[in-house]
Structure formats: structure tokens, C-alpha cells
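The values are calculated or read from the model by the stated rules, or taken from the named source; none is laboratory data. Predicted model only: the values in this text are computed from it and were never measured. Cβ coordinates were reconstructed from backbone atoms using ideal geometry, including for glycine residues, and neighbour counts include every protein chain displayed.
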Amino acid sequence: MSYEDTWKDVSKAILDRRNLEPIFKWRGYFYIPPLLVMTFCSWNGYEHDPIIWSVGPSLMALGFLIRVWATKHIGKRIRRKYREGRRRRLIVTGPYRLVRNPLYIGNIVAMMGLCLLSELVWFMPIAFAYFFLLYSLVIRYEEYRLSASFGKEYEIYRQKVPRWIPRLSMIGESKRVGFPWTRALEGELPGAASSSLMILILLGKEIIGW
């Protein structure tokens, strides 16, 4: 068996729905390793505070706003099984008109902000690659489920809307529908609280100097 055939078999095994399900189910725990690095590692830290404490929070705020916009259309995380009549509704409005995974894009942007606040600029590309790989596997599993739930409707949507790179040319067609903004903000409060706690930890790291 050639190397190419071996790699194809390995890739097929990794992307098998049964192997992706545990990653999807326990994806929250995959945040722990990079957050531990940001918290306890101080090697080769970038000490330019004006950049750290302006760009870092700005990236986190941008990531939060992307998530709120997405949540306004998809609903609270606990309401992802929102039904319209008797049939689940495929969300294709708001940011989902531009890109298929705005929630994960918002997460990655926010994580880059946290990396900067940790002063580990060298860790940013590593964290980016880590979360991009994690979410790519999670998304692959979600695509299996969406395809099973919506069939041709989802396949048409998937062909028109990119997975990662937003179609900014379509931003004018993002319909202003969905849940109220207050509900969207309410749905993102747990994530905002966790991010705020992490910011306080990194601020303590800066003050104590460990």
C-alpha cells in the first residue's frame, strides 16, 4: 500500500462520523490546554502594554459581537432545536447568509484576543491552528447531521455559502430577522462571563508577574 493510500485511509477514519461524535460532544474540554498555556506560560512574553491592552480586548469584543449576531438568528444555544411548526428550520439569515459557521469564527477571533492579552504573541498562530483544526472536525460532524436533517435544502445552502471565508458581497442581503437582540445577549452571557474571568486571570498574571 502506498503512502498516499495509507493517508487516505487514515483521513477517512478520522472523518468518520462515529469518530467525530466524541470530539463534538466533548469539544468544550478542548479549550483547557490552550487556556492553561495562556495562564501559566510566561516564556518570551510581549511586554508592549498599549498594544496588548487595546488590540486584545478589541479582538475579544469583535468575537463577542459576531457571536451575538449569530445567536440573534440561531437562538440561544439551549434552543438550537428551535422548531417552526413541526419542522426544524435551517438558519440562512444574518451572518449565516455570509458564512456557514459564524459562531466558531467569533470564537477564534476572541481566542486570538486572549492570546494577545496573555502576552504570548508567539502562541497566537499555534492557537489559531489548534482551534481551526478542532472546529473543522466539529463542523464536519455537524454537516453530517444537517445533511441528514435537511437533505437537498442543506446541500444547496452548503454549495452557495462558504464554510469559513465570509461572502462580504452579500452583507446587504443579511435580513434583519430572528430573535430580539436582548435574547441574543442573554444567550451569550455565560460565554461573556467566562471570558471576563479569563481576562481577570491574565490581568492578575500581569500584576503578579509570574
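Scanning the stretch 168-177 finds no residues that are of a type outside the set (V, I, T), outside any helix (DSSP H, G or I), over 29 Å from R17 (Cα atoms) and out of contact with any Ser or Thr (no Cβ under 9 Å at 6 or more places or on another chain). Filter the stretch 121-159 for residues that are in contact with a helix residue (DSSP H, G or I) (Cβ under 6 Å, 6 or more places away or on another chain) and under 20 Å from L203 (Cβ atoms) and give the result. If the condition is that a residue be in contact with a helix residue (DSSP H, G or I) (Cβ under 6 Å, 6 or more places away or on another chain) and under 20 Å from L203 (Cβ atoms), then F123, M124, A127 are the ones that fit. Before we move on, is I171 of a type in the set (A, V, I, L, M), surrounded by 10 or more Cβ atoms within 10 Å (Cβ to Cβ) and modelled with pLDDT of 95 or more? In short, no. Hey, can you tell me all the residues within the stretch 135-167 that are under 20 Å from the mean Cα position of the chain (by Cα), surrounded by fewer than 14 Cβ atoms within 10 Å (Cβ to Cβ) and of a type in the set (D, E, K, R)? Within the stretch 135-167, R145, R167 meet the criteria.
Checked against the criteria, R18 does not count as among the basic types (K, R), in contact with a helix residue (DSSP H, G or I) (Cβ under 9 Å, 6 or more places away or on another chain), farther than 28 Å from I126 by Cβ and at pLDDT below 95. Of all residues in the stretch 106-121, those that are more than 13 Å from I52 (Cα to Cα) and in contact (Cβ under 8 Å) with a residue 60 or more places away in the chain total 2.
Residue count for the stretch 20-72 satisfying the condition of being basic (K, R) and either more than 22 Å from E142 (Cβ to Cβ) or part of a loop (DSSP other than H, G, I, E, B) (or both): 0.
Of all the listed residues (A193, A184), the sole one being in contact with a His (Cβ under 9 Å, 6 or more places away or on another chain), part of a helix (DSSP H, G or I), at negative phi and not hydroxyl-bearing (S, T, Y) is A184. Exactly one residue out of V99, V121 is more than 11 Å from the chain's Cα centre (by Cα) and surrounded by fewer than 18 Cβ atoms within 10 Å (Cβ to Cβ): that is V121.
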